[in-house]
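What follows is a set of notes on a single structure, which appears directly below.
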Amino acid sequence: MVHNFKTDLTVDWCPGCGDFGIVTSITQALTELNLDPRGVVAVSGIGCSGKTPHYLNIAGAHTLHGRSIPYATGVKLSNPKLKVIVTGGDGDMLSIGAGHFVAEGRRNSGLTIMVYDNEVYGLTKGQAAPTMSLGEQTKSLTRANIFGKLNPIALALSAGYSMVARGFSFDMKQLKEIIKTAINHEGSSVIDILQPCPTYNNINTMEWYKQRVYKLEDDKSWNPVVTPEDSAETSGKKFASAMTKALEWGDRIPTGIFYQNKAIPPFTKRLAKNVPNYLEVTPAEQRVSTSEGYTVVDPKETFADKIIM
Amino acid sequence: MKTVDISITIGGPQGGGIDTSSNMISRAFAYSGYNVFGVREYHSNIKGRHSYTHLRVKKERPRSLKYPLDFLVALDPDTIFEHIEDVGKGTRIIYDNSIEKSDLSQARMIMKDTSDRIRQELVHSGEQMTVAGTISLMKKKGGIAIPVPFSDIVQKAISGGVPSRYYNTLGAALTLAISGVDVKFLEESIRFVFSSKEKVVEENVSVVKAAYDYCQENKFRTDNLEEIKRTPRFLLTGNDGAAIGKIMGGLRFQTYYPITPASDESTIIEEHEDLKWIESENSKLSKSGIAVVQTEDEISAIAMASGAAITGTRSSTATSGPGFSLMAEAISFAGIDEIPIVITLYQRGGPSTGLPTRNGQSDLLFALNTGHGEFPRIVFSSGDVEECIYDSINALNYAQRYQLPVIHLIDKNLANTSDFIPEIDSKRVKVPQVARIVHSPEWKRYSLNTNTGISEFGVFGKDIFWMTGDEHDELGHVTEDSELRDRMMVKRFHKLEVADSEIPLSEKAILYGPQNADVTFVTWGSQKGPILDVMEILEKEGKKCNLLYLKMFQPFPSEFVSGILSKAQMVIDVESNMLGQAANVVKLNTGIDITRRILKYNGRHMTEDEILDAARTIMGTSQKKIEVVLKHGA
């Protein structure tokens, strides 16, 4: 029987919320990839996006505001055999969790990170999120936003993420494909997902986005993939093209895969160089006790350097 | 047989090889068959400021340090200036005779307020503001000056090079020569310390020989120190002990963010990532190691370790006050989500950055209350290096058994204590394997159907279940149902009652000494050793003493503590903090107010002599409410 990746819980997002399209894209991607439901884990933070794991019929942790990335990293690094997806809001990922967002770029642990980008904090009644443009005033703001807009794509690229993409929650076909590529990607990926907040963001509506988004892949010459065989020059050019596209915003907004570098080794492989058998028998799977129930570690042998003979 | 009890302080600039020097001294005494106990004191500084090691050498295992010193070994002028108070009758002061003219005002690395204090003392004593003046003051206190031409001795021993680079070896050599330790033992320790560097070994051995010759010529040597049969022992710090315990306890994932004095533990684990298995259990499949991850901050450290715990990995993190403060929210999450996680909390002097490299026991009340909301946790502490080993295994066991955050307290003094441990027993504490099974569809992660509050554990990778920081149902989904909320709260706290009933009393509190005594000391952490030594001295004077040594603060052994304290004649609380935090916990749980207290919060280690003096003061007064604050320490 085909596993149903959707739970039967009542979804309590507002009618017209972009989150619905994201959950559908995730469940379709998991189904099409034919993944073992026990081999995938979803981790989230706080906010509307944080509820996602409860709606997915896989193991899920709905953690702390801003901390989904470190919790997810702990899951991944202790059991690198698991596929780990992370769902978080723009505030969750790029404001309170920005330090972890940047650090994970350097690690490249192998997480699929989805940023639910609607420019507002919905669950706390519509405050400005870090992706809102300077001077914009959505309906629940008392005054126009006096913060600059943070660029998630450019930040992810600078942080070192080996895959960076953007989706639109009302284009589930494209989003699903991006998610599939990201889950199969060995390193960590960031997918910035544009979505309306029908309750609090009356500016960046579904219509607003539909008039502006275009797909990078529609240009047949667009090739964001860096392979280990590519020269430093080629890979540099691809990074530069991604960065140029990242800066595009306004009348035209690119979606699709901006950059995918398959040459950067994931953190798990870097750890494997130091920790014996790390990938074969993961920390989660290791035996810690003997048949008699005592430690498997021989203290005299392991700590021989501490003995004064 | 002569009683051997030698106290040594060797000091010099941070980065000047003090550690190497004290290591040489400890090893040479060890090779002669003796036991050495030591504590390292240092500034929050990389190079230049005053650091020192305080050691005690005995035949039996020392448990404490004491003043006055038998040897003060100064590798620079600052050491002379800083340690005036440590000198008493018979203290040999070994120093470089070329620094005698050094003026206090030139000792720029001494903290201004410390320098002002030293100046006042010298003025008061009518001495010059120089090393010579300070030595003169030390002589008045009974000190014996041993000025040595450091540079000449080194230059005679080796050609070329910077002589001061060998001063640490020279300091060690002079101390050992005067103590009567055979030169062969120091040579052996030099070979160990500089292992692969043959040229360095040769040069240092020449310096050692020159130093021994110098002492011989000048008749500084005392009788030869009696050699005792040597046995193999572990030379371990508290940091080592905790790392070893975790490794033996099945730790497979450790996270940390750099902080003094906690990060040494993670470095030690990393150095031993490649585990050596007990032979009979060895097979290719089981060959394993520990993943140690340096995180971007302490929030990430606790979150990552918690994430690893969810996959069934025994995991932990180690930190100190500032980092622990950052972990508060995630500890609360581990509480409601019943995550088996160990946080080793190395206490240093707070608040805020406080005294970042100095001792403190001021985080006990915080550890008991970290994180918002009410949730069960286990909070316990270690008092010596050996306890650090087995307590760290137990910490991982408690976390797994009761599925909650375990906070293991170790004070900085203990973290930086070095001690000789005769043996590590791999069968003293059991290490249960985490069950990693696929449960039947009826299984619920937070099942309320238990007699213990402990639901059957499941892991990501095997079972499908949910976790949330919200109150949740048995499956782990969010709930705000008023009745379910009550049941979940009760279930979680039930685990603490079960923990209290299952964990043996000996892991919670220990009574040392007779049931009935004239004086009952109460303490926790690294004062255990010094107080046991103080008790021996007082007993020789006819005072009956006992010690109520507290280890576990949550769950707290109220009945036991109450039973002892309610019939005690005189109770004296001893702690390294200002508020008497453990005494407050005792009062909270038993209603008994301990009004006689010996406290120290200047960040320096407590010594046998000052606890003894304070105890005598308290015993000698009819005052029922008295607080003696200890002030000693450079």
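Does A:SER109 meet the test of being closer than 25 Å to A:GLY126 by Cβ, among the polar types (S, T, N, Q), touching a helix residue (DSSP H, G or I) at 6+ places or on another chain (Cβ under 8 Å) and touching a residue at least 24 places away in the same chain (Cβ under 8 Å)? Criteria not met by A:SER109.
Among strands (runs of 3 or more DSSP E) entirely within region A:4-94, having at least 3 residues that are buried (at least 24 other Cβ atoms within 10 Å of the Cβ) and of a type in the set (Phe, Trp, Tyr) singles out no element at all.
Scanning region A:207-231 for residues that are over 19 Å from A:GLY187 (Cα atoms) and aliphatic (A, V, I, L, M) yields A:VAL213, A:LEU216. Please work out if B:GLU480 is at pLDDT 95 or above, more than 42 Å from the chain's Cα centre (by Cα) and within 14 Å of chain A (Cβ to nearest Cβ). Yes.
On the given criteria, is A:ALA128 closer than 22 Å to A:GLY250 by Cα and free of Cβ contacts under 8 Å to residues at least 12 places away in the same chain? Spelling it out, it is not the case that A:ALA128 is closer than 22 Å to A:GLY250 by Cα and free of Cβ contacts under 8 Å to residues at least 12 places away in the same chain.
Scanning region B:354-369 for residues that are under 14 Å from the mean Cα position of the chain (by Cα) and under 19 Å from B:VAL574 (Cα atoms) yields B:ARG358, B:ASN359, B:GLY360, B:GLN361.
Of the residues in region B:612-628, at least one is among the acidic types (Asp, Glu), under 21 Å from B:PRO68 (Cβ atoms) and either modelled with pLDDT of 95 or more or touching a Lys or Arg at 6+ places or on another chain (Cβ under 6 Å) (or both).
Considering only residues in region B:361-380 that are in contact (Cβ under 8 Å) with a residue 40 or more places away in the chain, polar (S, T, N, Q) and under 13 Å from B:GLN581 (Cα atoms), the one that is surrounded by the fewest Cβ atoms within 10 Å (Cβ to Cβ) turns out to be B:SER362. Of the residues making up region A:122-154, those that are surrounded by 12 or more Cβ atoms within 10 Å (Cβ to Cβ) and among the hydrophobic types (A, V, I, L, M, F, W, C) are A:LEU123, A:ALA128, A:ALA129, A:MET132, A:LEU141, A:ALA144, A:PHE147, A:LEU150, A:ILE153, A:ALA154. For region A:262-303, a residue qualifies if it is polar (S, T, N, Q) and more than 23 Å from B:PHE460 (Cα to Cα), and the qualifying residues are A:ASN274, A:THR290, A:SER291, A:THR295, A:THR302. Of everything in region B:231-264, what is at the interface with another protein chain (Cβ under 8 Å from one of its Cβ atoms) and either of a type in the set (Lys, Arg) or in contact with a Cys (Cβ under 7 Å, 6 or more places away or on another chain) (or both)? Give them in sequence order. If the condition is that a residue be at the interface with another protein chain (Cβ under 8 Å from one of its Cβ atoms) and either of a type in the set (Lys, Arg) or in contact with a Cys (Cβ under 7 Å, 6 or more places away or on another chain) (or both), then B:ARG233, B:ARG252 are the ones that fit. Does region B:455-466 contain any residue that is part of a loop (DSSP other than H, G, I, E, B) and away from every other protein chain (no Cβ under 14 Å)? For region B:455-466, residues part of a loop (DSSP other than H, G, I, E, B) and away from every other protein chain (no Cβ under 14 Å): present. The strands (runs of 3 or more DSSP E) located wholly in region B:317-402 that include 2 or more residues which are within 14 Å of another protein chain (Cβ to nearest Cβ) and at negative phi occupy B:341-349.
Within the set B:LEU275, B:LEU285, the sole residue that is modelled with pLDDT under 95, at the interface with chain A (Cβ under 7 Å from one of its Cβ atoms) and more than 22 Å from A:LYS300 (Cβ to Cβ) turns out to be B:LEU285. Could you look through region A:258-283, keep only residues that are in contact with a helix residue (DSSP H, G or I) (Cβ under 6 Å, 6 or more places away or on another chain) and more than 14 Å from chain B (Cβ to nearest Cβ), and pick out the one that is surrounded by the fewest Cβ atoms within 10 Å (Cβ to Cβ)? My answer is A:TYR259. Does any residue of region B:298-308 turn out to be touching a strand residue (DSSP E or B) at 6+ places or on another chain (Cβ under 8 Å), more than 13 Å from chain A (Cβ to nearest Cβ) and not polar (S, T, N, Q)? No, because not a single residue in region B:298-308 is touching a strand residue (DSSP E or B) at 6+ places or on another chain (Cβ under 8 Å), more than 13 Å from chain A (Cβ to nearest Cβ) and not polar (S, T, N, Q). Selection of region B:89-134 for residues being among the charged types (D, E, K, R) and either surrounded by fewer than 20 Cβ atoms within 10 Å (Cβ to Cβ) or at positive phi (or both) yields B:LYS89, B:GLU100, B:LYS101, B:ASP103, B:ARG108, B:LYS112, B:ASP113, B:ASP116, B:ARG117, B:ARG119, B:GLU121, B:GLU127. Look at (1) in contact (Cβ under 8 Å) with a residue 40 or more places away in the chain; (2) more than 7 Å from chain A (Cβ to nearest Cβ) and you find that B:SER447 fails only one, number (1).
The values are calculated or read from the model by the stated rules, or taken from the named source; none is laboratory data. Keep in mind it's a predicted model, so treat the numbers as computed, not measured. All Cβ positions, even for glycine, are placed from backbone atoms using ideal geometry, and neighbour counts span all protein chains on display.
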